[in-house]
Amino acid sequence: MIRLLLVLAVLAFFALCAAGMWFGWRGRARRQAAFLPDFPQPPAWVSDPTEETTPPKDLLDPQAGVYVGSTIAGDWQNRIAIGDIGFRAAARIKLTKQGLLIDRTGASPLWIPAESLVSARTDRALAGKVMGIAGLFVVRWRLGETQLDSGFRGDDKTSYGAWVDAVSALAERSVPTVGAREGDGTC
């Protein structure tokens, strides 16, 4: 009888822990939804690869790996919990002049338009996932007024340098010129 009560107590404890994590995740998603706008929708060629919506030429060969997650920029553990963006998934990244596509298996694709790109780098940690030095490819981008970091662990880590260079170059080309310096005659 005592053994049964102990087993039930342990099961109840684990159920309470799971419920606490679930309510915490939902609360985080609710708080983030209050200040983050909707995520950009991928172009038509992602969901409908017909002749009418031919995808643009890739700037690099697509890379297979794992989407690690997205966080608020500068806070590597503050994972985005809105929708399914916070879930890790096997993925393939593609870079075109239009932007970066993280095509996730079993989850919605994450589309980062070129004009939203800020920078790219390699890092060792993001969204609670810690790797060796330069184990992750991380893209910083803008979603409304907030900057996010999205991480990807590629199968071929030797290509990270080319990805960082290509995304950084695309981000520099896509910087809006509307905010040119006042008084310099460039407006």
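Just one of the numbered conditions (1) in a strand (DSSP E or B); (2) among the small types (Gly, Ala, Ser); (3) free of Cβ contacts under 8 Å to residues at least 12 places away in the same chain is not true of Gly65: (3).
For the stretch 110-149, the strands (runs of 3 or more DSSP E) that sit wholly inside it and include 1 or more residues that are open to solvent by less than 20 Å² (accessible area, probe 1.4 Å) and of a type in the set (Val, Ile, Thr) are 110-113, 136-143.
Of the residues making up the stretch 53-71, those that are closer than 30 Å to Arg28 by Cα and not β-branched (Val, Ile, Thr) are Ala64, Gly65, Tyr67, Gly69, Ser70. Here Ala162 does not fit the description of being in contact with an Asp or Glu (Cβ under 8 Å, 6 or more places away or on another chain) and farther than 26 Å from Pro37 by Cβ. Against the list (1) surrounded by fewer than 18 Cβ atoms within 10 Å (Cβ to Cβ); (2) among the hydrophobic types (A, V, I, L, M, F, W, C); (3) at negative phi, the condition Ile102 fails is (1). The set of residues from the stretch 68-90 being under 18 Å from Lys157 (Cα atoms), open to solvent by less than 10 Å² (accessible area, probe 1.4 Å) and either among the small types (Gly, Ala, Ser) or not in a strand (DSSP E or B) (or both) comprises just one member, Gly69. Kindly provide the set of residues from the stretch 78-93 that are of a type in the set (Val, Ile, Thr) and under 10 Å from the mean Cα position of the chain (by Cα), ordered by number. Matches in the stretch 78-93: Ile80, Ile85. In the condition set (1) open to solvent by less than 100 Å² (accessible area, probe 1.4 Å); (2) touching a residue at least 12 places away in the same chain (Cβ under 8 Å); (3) aromatic (Phe, Trp, Tyr), Phe35 is compliant with all but (1). Evaluated against (1) part of a helix (DSSP H, G or I); (2) open to solvent by less than 70 Å² (accessible area, probe 1.4 Å), Trp25 falls short on exactly one condition, (2). Considering each residue of the stretch 101-110 in turn, at least one proves to be of a type in the set (Asp, Glu) and either modelled with pLDDT of 90 or more or within 21 Å of Pro43 (Cα to Cα) (or both).
The values are calculated or read from the model by the stated rules, or taken from the named source; none is laboratory data. Remember, predicted model here, so these are calculated numbers, not experimental data. Neighbour counts are summed over all protein chains in view; Cβ atoms, including those assigned to glycine, are modelled from backbone coordinates with ideal geometry. All accessible areas refer to the heavy atoms of the entire protein, side chains included, with ligands and DNA or RNA removed. Shrake-Rupley method; radii C 1.70, N 1.55, O 1.52, S 1.80 Å.
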